[in-house]
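What follows is calculated from the coordinates using simple rules that are stated; it is not laboratory data. No experiment lies behind these values; they were computed from the predicted model shown. Note: ideal-geometry Cβ built from the backbone for every residue, glycine included; neighbour counts use all protein chains shown.
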Amino acid sequence: MARFPSSDSSGISSPPQKLPRTRGSRVVSAATTGLTDPESQLQAILQLAMDKTAATGAAIVIRTDNVALCRASIGSAPEVGGRLQPGISLSALCLATAEVLISNDTHTDWGLDSQLCKQADIRSILALPIKEDPGIVGVLELVSDKPNAFSQRNIAAMNELADAAAPLLSELASEPDEFVSQLWRKYRKYMEAQANAHRNIAAMNELADGAAPLLSELASEPDEFVSQLRRKYRKYMEAQANAHDAKLQRSILRMKILTGLSAVVILALFVNRYARHYLGIEPHLTPPATVSKHEPVLSEQDAAPEQGSNTDRQFRAPENVVTASREEVISAIQEPVQDTDVNRTLKQANAGAVTAQYEMGLRYANGEGVPQNYQDAMTWFAKASDAGNAKAQWKLALGYLEGIGVPRDERQAIVWLKRAANNGDTRAQRALSEMYLSGREVPRDYVRAYTWANIATELEGNDKGQLQTIRSRMTPIQVSDAERRTSIWRDYVRRRTANPSTSQRTAPPKAVDR
């Protein structure tokens, strides 16, 4: 809050001299021309104050019985006759100090109540004393809903308006006027309200006195009213008991159902875990497509030209399946077929020959001897994959990876990549290494990335620089853990090789990657 001396001192940076009425006085005279009564002239002065500043409300305040009351108002200022609260007004302090007071931001001014100011939508206040010898007769107060709304130039202009309002306040104070009439009307309304309240209280007391003997009579002997209350109470309690019993029965039934379902789920999980960890049985995962019952059967003369038309095609696996394009993945799925007789291959595949099933998948992928159909290709790859064919598992994983012949499902792709890798397919091993290294669809894991790259390097005899790249990001402990996992995988392969009859039922070790 800033304080400035009033207009008859020299505290303001550009002290206004006591000039007779310069331009500002002429403006006041023009604004009050034609107005004879003091009330209208005060309203004209307040309107002029709002026009010359950024104020949203203006008021002239006087002191009555040590209380600051609003004598005239306009805009968002309190209504006439209202008492100005010290928390949102500087009038009382201005009346006491006879100084020009200004608050540029009521929300941060310690002398004001910020909450009250927010409720009244007041951000800036300017209060100027209205002087009339021998003292102060009132305050010209301006308010605004914006901070920093008033300047030094406004203070100089408002001082002239305050001087113009001084004689009008003195004139109003010398005789009863509309202000006193308004206060008197408010007092009469207040007294009438008090009288009405007393009459209402007296009427309620009479009704209470009349009800007292009736209540005594009801309490002295049971009657129909009391009997009705008792019957209703008994019905209510019976209904509550029945509702409680029904709710309890429903709760018991829900608990029985949930218990039975939980037991079934736990049993299924236990059986599945036992089958996978002790019997080496994996869940049967095949794409939803099925091979047509009526496979095309071509003669060797018809099939040979089609097969020959693809002899110049180049088939190669992508260097990195994580960054490979769809075309590169399709090229990796396609490979040359070995058996040139499509009819013989189909007959063997339908009889359950795993290699023939894989060959039929290649034929449908290449369009050799049969119409090209990736959905049928993935169906044959799925049959060979279920029988443990690592190449078919690799192809099926590529199909899931890019949505070729099967719905795109990278989680299923990871499942089949792990199976192909554990069955010795180095392409799947390197793909898993790249995925663990980049964190695609699996948590980033340098140990598993190094393990699979190390296994693939041992099987291929070619490092390709991948091991060194992964090792540079690992700690010595991680490298040691990866070497340990590689050794465990060697033992797993050695056991499978030594006993081929149980190789399909032997689950890969947890330490590697299931």
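Which residue is nearest to Val493 (Cα to Cα), if the candidates are limited to region 423-458 and must be aliphatic (A, V, I, L, M) and surrounded by fewer than 24 Cβ atoms within 10 Å (Cβ to Cβ)? Restricting to residues being aliphatic (A, V, I, L, M) and surrounded by fewer than 24 Cβ atoms within 10 Å (Cβ to Cβ), the top hit is Val447.
Here is a yes/no grid of residues against (1) within 22 Å of Ser331 (Cβ to Cβ); (2) in a helix (DSSP H, G or I):
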{"site": "Gln357", "(1), (2)": "yes, yes"}
{"site": "Met360", "(1), (2)": "yes, yes"}
{"site": "Ala382", "(1), (2)": "yes, yes"}
{"site": "Gly388", "(1), (2)": "no, no"}
{"site": "Arg408", "(1), (2)": "yes, no"}
{"site": "Lys418", "(1), (2)": "no, yes"}
{"site": "Ala428", "(1), (2)": "yes, yes"}
{"site": "Tyr436", "(1), (2)": "no, yes"}
{"site": "Arg440", "(1), (2)": "yes, no"}
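Considering only residues that are in a helix (DSSP H, G or I) and crowded, with 24+ Cβ neighbours inside 10 Å, which ones fall in region 369-380? Result: Ala377, Met378, Thr379, Trp380.
With the structure loaded, tell me whether Ala54 is of a type in the set (Gly, Ala, Ser) and touching a strand residue (DSSP E or B) at 6+ places or on another chain (Cβ under 9 Å) or whether it fails that test. Don't jump to the end; show me each part of the working.
Values: of a type in the set (Gly, Ala, Ser): yes; touching a strand residue (DSSP E or B) at 6+ places or on another chain (Cβ under 9 Å): yes.
Against the criterion (of a type in the set (Gly, Ala, Ser) and touching a strand residue (DSSP E or B) at 6+ places or on another chain (Cβ under 9 Å)), Ala54 qualifies.
Report, by residue number, each residue of region 366-386 that is in contact (Cβ under 8 Å) with a residue 40 or more places away in the chain and among the hydrophobic types (A, V, I, L, M, F, W, C). Result: Val370, Ala377, Met378, Trp380, Ala382. Candidates in region 442-482 are the residues that are under 37 Å from the mean Cα position of the chain (by Cα) and in a loop (DSSP other than H, G, I, E, B); of these, the one that is farthest from Ala332 (Cα to Cα) is Arg473.
For beta carbons closer than 7 Å, sequence separation of 6+ or different chains, a first residue in region 319-348 that is over 19 Å from Gln375 (Cβ atoms) and a second that is acidic (Asp, Glu) and crowded, with 16+ Cβ neighbours inside 10 Å, the qualifying pairs are Asn320/Glu434; Val321/Glu434; Val322/Glu434; Gln338/Glu359; Asp339/Glu359.
Can you pull out the residues in region 85-103 that are within 45 Å of the chain's Cα centre (by Cα) and either surrounded by fewer than 19 Cβ atoms within 10 Å (Cβ to Cβ) or free of Cβ contacts under 8 Å to residues at least 24 places away in the same chain (or both)?
Start the filter on region 85-103 by keeping residues that are within 45 Å of the chain's Cα centre (by Cα), which leaves 85-90, 102-103.
Passing the criteria: Gln85, Pro86, Gly87.
Here's the yes/no breakdown for (1) buried (at least 21 other Cβ atoms within 10 Å of the Cβ); (2) among the hydroxyl-bearing types (Ser, Thr, Tyr); (3) under 17 Å from Trp394 (Cβ atoms):
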site: Val322; (1), (2), (3): no, no, yes
site: Asp339; (1), (2), (3): no, no, no
site: Leu346; (1), (2), (3): yes, no, no
site: Ala349; (1), (2), (3): yes, no, no
site: Gly367; (1), (2), (3): no, no, no
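Could you tell me whether any residue of region 89-106 is in contact with a Gly (Cβ under 7 Å, 6 or more places away or on another chain) and of a type in the set (A, V, I, L, M)? So far as region 89-106 goes, no, none of its residues is in contact with a Gly (Cβ under 7 Å, 6 or more places away or on another chain) and of a type in the set (A, V, I, L, M).
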